[in-house]
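Read the structure below first, then the notes.
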Amino acid sequence: MTTVNIEKYLIEPVEIRDSAVATNRGAAQGLSTRKVREIYPDAMLLAWYDRHSGESRPRLGCDFGDKPGWIVFAENRGGDLSISVNDGEFIFIYTTDPTQSAEAGPQ
């Protein structure tokens, strides 16, 4: 299995470093959301990835080549900002356009 360099696909990436979140996705997501809300109060989370577990949301079974489906999903729904926590341990993609809506955003 080949490893995909996800970072090359990130949309306007912002890096956050915080050793306190370590492997806790919930804590990393909270940190990410707080950072985004400082600049874009109405930003909406569209997709996320956890390098530790390999889990991502939304889960898509489609083939997009090297680009992960959760990134394609976010791009197609107005994703315009990525938050990378601790060098990509966790990645969260948001839309900063309050007029965008995703019918099934990740939880």
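What to note about this one:
- Test result for Ala43, farther than 11 Å from Glu89 by Cα and either free of Cβ contacts under 8 Å to residues at least 24 places away in the same chain or surrounded by 18 or more Cβ atoms within 10 Å (Cβ to Cβ) (or both): yes
- Any hit, the range 57-79, residues being at pLDDT below 90, buried (at least 18 other Cβ atoms within 10 Å of the Cβ) and of a type in the set (Gly, Ala, Ser): no
- The set of residues in the range 31-83 being among the aromatic types (Phe, Trp, Tyr) and either under 20 Å from Ala20 (Cβ atoms) or in a loop (DSSP other than H, G, I, E, B) (or both) consists of Tyr40, Trp48, Tyr49.
- Restricting attention to the range 7-30 and to residues that are part of a helix (DSSP H, G or I) and of a type in the set (A, V, I, L, M), the residue that is surrounded by the fewest Cβ atoms within 10 Å (Cβ to Cβ) turns out to be Ala27.
- If you go through the range 22-43 and keep only what is of a type in the set (Val, Ile, Thr) and either farther than 19 Å from Arg57 by Cα or modelled with pLDDT of 90 or more (or both), you end up with Thr33, Val36, Ile39.
The values are calculated or read from the model by the stated rules, or taken from the named source; none is laboratory data. All figures in this text were calculated on a predicted structure; none of them were measured in a lab. Virtual Cβ from ideal backbone geometry, glycine too; neighbours counted across all protein chains shown.
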